[in-house]
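Shown next, in structure tokens, is the structure this report addresses.
The values are calculated or read from the model by the stated rules, or taken from the named source; none is laboratory data. What you are looking at is a predicted structure, and each value in this text was computed from that prediction instead of being measured. Cβ coordinates were reconstructed from backbone atoms using ideal geometry, including for glycine residues, and neighbour counts include every protein chain displayed. Protein only, heavy atoms only, side chains kept; ligands, DNA and RNA dropped before computing areas. Shrake-Rupley method; radii C 1.70, N 1.55, O 1.52, S 1.80 Å.
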Amino acid sequence: MNSTKCRKCGLTNFATDLECARCGTSFVQITVKSGPRPKFSIAALIIFLSVAAVFYYIFIGVQGSVDKVNSTEANRVGAQPLPPDAGRSRAEYDRYRSQTVANAVGAAPGLAEHTNRTQQTDKAIDQMTNSQPQ
Ligand SMILES: [Zn+2]
């Protein structure tokens, strides 16, 4: 379309003309959008930035707390002496644990006494059984 026909007088004008050469009618059409236009307000921008800042602040705070807890935990674990079972295989660890339990049980005075009495009783029963005529 390289020409514009005037709506008022019917003269054919150049397409580049902004108004009719004869009657002066404007060819520039002002289109008005219907419906609510999206409004840009500085208040909305400020509110959005504030909310974003709050979320960013919370995120940074939580991240800092997590990092602090992690580093504290790493320091705490690193400061502890190695447990006696460090570097042992599973079988060695089980043997170590069972030996520890056996030592603890053996060191219990009540249990040692009980074991002694049980052995004496067994011995006495054996003697009685062996001495009886078959
Ligand atoms: Zn015209």
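Can you pull out every residue in the range 29-48 that is more than 30 Å from residue 19 (Cα to Cα) and open to solvent by less than 100 Å² (accessible area, probe 1.4 Å)? Give the steps one after another, and end with the answer.
At the first step, the residues of the range 29-48 found to be more than 30 Å from residue 19 (Cα to Cα) are 36, 38-48.
Correct list: 41, 43, 44, 45, 46.
So, in the range 19-41, of the ones that are hydrophobic (A, V, I, L, M, F, W, C) and in contact with a strand residue (DSSP E or B) (Cβ under 7 Å, 6 or more places away or on another chain), which residue ends up nearest to the ligand (Cβ to nearest atom)? Spell out how you get there, then give the answer.
So the first thing to find is which residues in the range 19-41 are hydrophobic (A, V, I, L, M, F, W, C), and the list is 20-21, 23, 27-28, 30, 32, 40.
Now narrow it down to the ones that are in contact with a strand residue (DSSP E or B) (Cβ under 7 Å, 6 or more places away or on another chain): 20-21, 27.
Details: 20: 3, 21: 8, 27: 9 Å.
Out of the qualifying residues, it is 20.
Filter the range 82-112 down to residues that are of a type in the set (D, E, K, R), open to solvent by 90 Å² or more (accessible area, probe 1.4 Å) and assigned to a helix (DSSP H, G or I), then give me how many there are. Don't jump to the end; show me each part of the working.
Narrowing the range 82-112 to residues of a type in the set (D, E, K, R): 85, 88, 90, 92, 94-95, 97.
Still in the running and open to solvent by 90 Å² or more (accessible area, probe 1.4 Å): 88, 90, 95, 97.
Within this subset, residues satisfying the condition of being assigned to a helix (DSSP H, G or I) are 90, 95, 97.
Number satisfying all stated conditions: 3.
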